[in-house]
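Some notes on the structure that comes next.
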Amino acid sequence: MILCANFKANKTRQETQAYMAVVESFVTANDISDTIMVFPPFTALEHLSRNVLIGVQNAYPVQNGAYTGEIALEQLEEFGIKSILIGHSERRHILGETQESVTAKFRFFAERGFVIIYCVGEPIAIREQGDDALMNYIDTQLVGIDTAYPDLIIAYEPVWAIGTGLTPTNDQIVAMHSALRAKTSAPLLYGGSVKVENAGEIMALENVDGVLVGSAALSASDFCTMVAQAAELNITTGE
Ligand code: 13P
């Protein structure tokens with residue numbers, strides 16, 4: 001399983017250090033073999049952790065240059081960062097990223113061997129139009145993306161489930177993940193209101209290879225509980 005904590009614009013550097021100390025010692029003490037990733041804000045980046053992968057939530061696809069307010073490759077390299085979230089719905093819908101700009105980021109960071117967590121997901125109005133509209137919409141978010149890229153992870157995050165406490169039914173998650181599985185062999189994460197109460201059940205679904213967690217992962221102990229749930233699943237499935 002792959003478990004990711006996306007902090008968004010939450011936590012100070014000091015809070016992130018305290019959080020990482022809890023998660024790292026939990027991973028070590030419990031001999032966790034799942035992949036654990038944390039995406040803090042840029043201001044909280046540190047040199048690499050021993051057993052938790054640190055990634056960024058965004059970056060500008062250049063080595064460096066005159067891009068006021070942006071963080072580019074040179075700044076990531078200083079911290080040894082090799083993982084990035086691309087295409088998150090908050091960047092698409094709140095920060096106005098187009099498929100074209102998302103694709104440019106994908107190409108740039110894929111050429112440099114980054115682990116890319118590429119996010120797709122529909123607004124509620126699209127889901128309400130039915131299955132064909134839903135899949136057509138997801139297909140538009142895959143335009144220009146090399147779904148055979150070896151370090152690709154895809155996260156399905158329905159926009160209406162993010163931060164709302166709403167989640168799709170298990171059948172809806174399985175249907176979307178099996179449609180994505182037909183397009184790619186990349187690991188598939190589910191994201192959107194994942195919490196301690198539903199993470200185990202969601203991770204047990206077919207073609208769900210992990211979770212991308214926002215608000216509920218802000219608590220280090222809740223995130224560790226989800227990591228423990230994944231470890232428990234490995235025992236029951238003999239992985
Ligand atoms: P929530 O877990 O807060 O719904 O956020 C999900 C998300 O956007 C993770 O990237």
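Annotations
- Scope the stretch 3-19; condition under 13 Å from SER49 (Cβ atoms) and either in contact (Cβ under 8 Å) with a residue 60 or more places away in the chain or within 16 Å of the ligand (Cβ to nearest atom) (or both); matching residues: ALA5, TYR19
- Boolean, TYR60 is part of a loop (DSSP other than H, G, I, E, B), within 25 Å of GLU157 (Cβ to Cβ) and aromatic (Phe, Trp, Tyr): yes
- Residue, farthest from ILE81 (Cα to Cα), within the stretch 20-50, restricted to residues that are without any contact (Cβ under 8 Å) to a residue 12 or more places away in the chain and outside any loop (DSSP other than H, G, I, E, B): ALA29
- Total residues in the stretch 12-47, condition out of contact with any helix residue (DSSP H, G or I) (no Cβ under 6 Å at 6 or more places or on another chain), within 14 Å of LEU218 (Cα to Cα) and among the charged types (D, E, K, R): 1
- Pick from the stretch 205-230, criterion part of a loop (DSSP other than H, G, I, E, B) and in contact (Cβ under 8 Å) with a residue 60 or more places away in the chain, ranking: nearest to the ligand (Cβ to nearest atom): GLY214
- Each residue in the stretch 27-45 was checked for being within 16 Å of the ligand (Cβ to nearest atom) and either crowded, with 20+ Cβ neighbours inside 10 Å or modelled with pLDDT under 95 (or both), and 5 of them qualify.
- For the stretch 77-104, filtered to residues that are assigned to a loop (DSSP other than H, G, I, E, B), over 11 Å from VAL56 (Cβ atoms) and not aliphatic (A, V, I, L, M), the residue that is nearest to the ligand (Cβ to nearest atom) is HIS88.
- Test for THR167: is it open to solvent by 30 Å² or more (accessible area, probe 1.4 Å) and farther than 26 Å from ILE86 by Cβ: no
- The set of residues in the stretch 105-137 that are under 20 Å from the mean Cα position of the chain (by Cα), closer than 15 Å to GLN172 by Cβ and assigned to a loop (DSSP other than H, G, I, E, B) comprises GLY121, GLU122, PRO123.
The values are calculated or read from the model by the stated rules, or taken from the named source; none is laboratory data. These figures come from a predicted structure and were not determined experimentally. Methodologically, a virtual Cβ is constructed for each residue, glycine included, from the backbone with ideal geometry; neighbour enumeration extends over all protein chains shown. Note: accessible area is taken over every heavy atom of the protein model, side chains too, but ligands, DNA and RNA are not part of it. Shrake-Rupley method; radii C 1.70, N 1.55, O 1.52, S 1.80 Å.
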